[in-house]
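Below is one structure, written out as structure tokens, with a few remarks after it.
The values are calculated or read from the model by the stated rules, or taken from the named source; none is laboratory data. In this text, all values refer to a predicted model and were calculated from it rather than measured experimentally. As a convention, Cβ positions derive from the backbone with ideal geometry for all residues, glycine included, and neighbour counts pool all protein chains shown. All accessible areas refer to the heavy atoms of the entire protein, side chains included, with ligands and DNA or RNA removed. Shrake-Rupley method; radii C 1.70, N 1.55, O 1.52, S 1.80 Å.
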Amino acid sequence: MRLLNQTCLVTGSSSGIGKAIARKMAMEGANVIINYYSDKTSAEELAHDLEEISVDNEMMVVKGDVSKQKDVDNILRKTIDKFGALDILVSNSGIQIDAPSHELTLEQWNRVIDVNLTGQFLCAQAAIKCFLHQGIRPNISKAMGKIIHMSSVHEIIPWAGHLNYASSKGGLLMLMKSLALEYGKDKIRVNSIAPGAIQTAINEEVWSSKKGMENLLKLIPYGRIGQVEDVANAAVWLASDESDYVTGTTIFVDGGMSCYPGFLDNG
Ligand code: BGC
């Protein structure tokens, strides 16, 4: 119960990593806002499941596209109306639209940047406004607020054929660090999680075939694909006071993918 009496918004939590994070946050006692873009049924089922296992923490489901200012404002307004405060933002929404770079359309470029980078900016800005307005909430958390950006190993690993995605995550690295620098004095902690290959729908095309999985495992020194819970455990720690001295950093949850596995027996 590390997050008792805290309120946590998880964007893009109707599936995958976001869903697992919403679950762990609820299990730690937090009120959770489950934000979804299109899958209402799955978001509502999750809220229902979490209410069954909760103590007196509550869940709320809110639709919204994080790349739209008015949607983000609406999510935050509903959060404050119901819970009175926001303590934790897990800015998790992200998409991939892949194409060879010489064929990538401006529309595909913009959509990924809009969701993965501009969406992170809009949500972080809205959360920071809330935190500054609330001030530190004694007996709730040592920090005034906590922001966790969902990044990727591709914030540092270049990725051919995924130009928009890798560029969005590279940009996110500086967004996170610049915010951590600017709001450290206010005791707002800003960090990222960089997952490697986690078994979700986003990379199903790769892990669902034997050959794809074999190739993928060559990139993972630890020898297994990641599970959503691996990421959720890191998120809960970053949200809790156990990580009170941690800000402006990225935690890689990648089984060693960012350790240049090509150099294991080469170079
Ligand atoms: C991507 C996945 C990919 C992983 C490792 C993630 O950020 O969303 O599709 O498997 O990085 O390359």
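Pairing each residue of segment 160-171 that is outside any helix (DSSP H, G or I) with any residue that is within 11 Å of the ligand (Cβ to nearest atom), provided the two are 6+ apart or on different chains, yields C-beta distances under 6 Å for Gly161/Asp98; His162/Asp98.
Does Ala99 count as within 16 Å of the ligand (Cβ to nearest atom), surrounded by fewer than 15 Cβ atoms within 10 Å (Cβ to Cβ) and within 26 Å of Tyr36 (Cα to Cα)? In short, yes. In the set Leu50, Leu117, only one residue is open to solvent by 20 Å² or more (accessible area, probe 1.4 Å), assigned to a helix (DSSP H, G or I) and not acidic (Asp, Glu); that residue is Leu117. Scanning segment 52-72 turns up at least one residue that is β-branched (Val, Ile, Thr), touching a helix residue (DSSP H, G or I) at 6+ places or on another chain (Cβ under 8 Å), under 16 Å from Ala127 (Cα atoms) and touching a residue at least 40 places away in the same chain (Cβ under 8 Å). Kindly indicate the residue of segment 146-170 that is open to solvent by less than 30 Å² (accessible area, probe 1.4 Å) and aliphatic (A, V, I, L, M) and also nearest to the ligand (Cβ to nearest atom) among those meeting that condition. Here the answer is Val153.
Taken as a whole, segment 155-164 holds no residue that is in contact with a strand residue (DSSP E or B) (Cβ under 7 Å, 6 or more places away or on another chain), under 27 Å from Arg2 (Cα atoms) and modelled with pLDDT of 95 or more. Under 27 Å from Met176 (Cα atoms) and surrounded by 19 or more Cβ atoms within 10 Å (Cβ to Cβ): is that true of Ser38 in this structure? Taking the combined requirement at face value, the residue does not satisfy it. Here the helices (runs of 4 or more DSSP H) wholly within segment 189-267 that include at least 2 residues being closer than 22 Å to Ala20 by Cβ and in contact (Cβ under 8 Å) with a residue 40 or more places away in the chain are 228-239. In the condition set (1) in contact with a Cys (Cβ under 8 Å, 6 or more places away or on another chain); (2) open to solvent by 50 Å² or more (accessible area, probe 1.4 Å), Lys70 is compliant with all but (1). When segment 70-114 is filtered for residues that are hydroxyl-bearing (Ser, Thr, Tyr) and not in a helix (DSSP H, G or I), the ones remaining, listed by number, are Ser91, Ser93, Ser101, Thr105.
Go through the residues of segment 5-19 one by one and say whether even a single one is over 29 Å from Trp159 (Cβ atoms), in contact (Cβ under 8 Å) with a residue 12 or more places away in the chain and part of a loop (DSSP other than H, G, I, E, B). For segment 5-19, residues over 29 Å from Trp159 (Cβ atoms), in contact (Cβ under 8 Å) with a residue 12 or more places away in the chain and part of a loop (DSSP other than H, G, I, E, B): present. Count of segment 171-218 residues, restricted to those that are open to solvent by 70 Å² or more (accessible area, probe 1.4 Å), small (Gly, Ala, Ser) and within 11 Å of the ligand (Cβ to nearest atom), is 1.
Of the residues making up segment 219-266, those that are over 30 Å from Asp186 (Cα atoms) and away from the ligand (no atom under 16 Å from the Cβ) are Glu229, Phe263, Leu264, Asp265, Asn266. For segment 176-205, which positions are closer than 16 Å to Asp254 by Cα and hydrophobic (A, V, I, L, M, F, W, C)? Across segment 176-205, the qualifying residues are Ile193, Ala194, Ala197, Ile198, Ile202. Scanning segment 1-19 for residues that are open to solvent by 10 Å² or more (accessible area, probe 1.4 Å), closer than 19 Å to Val228 by Cα and in contact with an Asp or Glu (Cβ under 7 Å, 6 or more places away or on another chain) turns up Ser14, Ser15.
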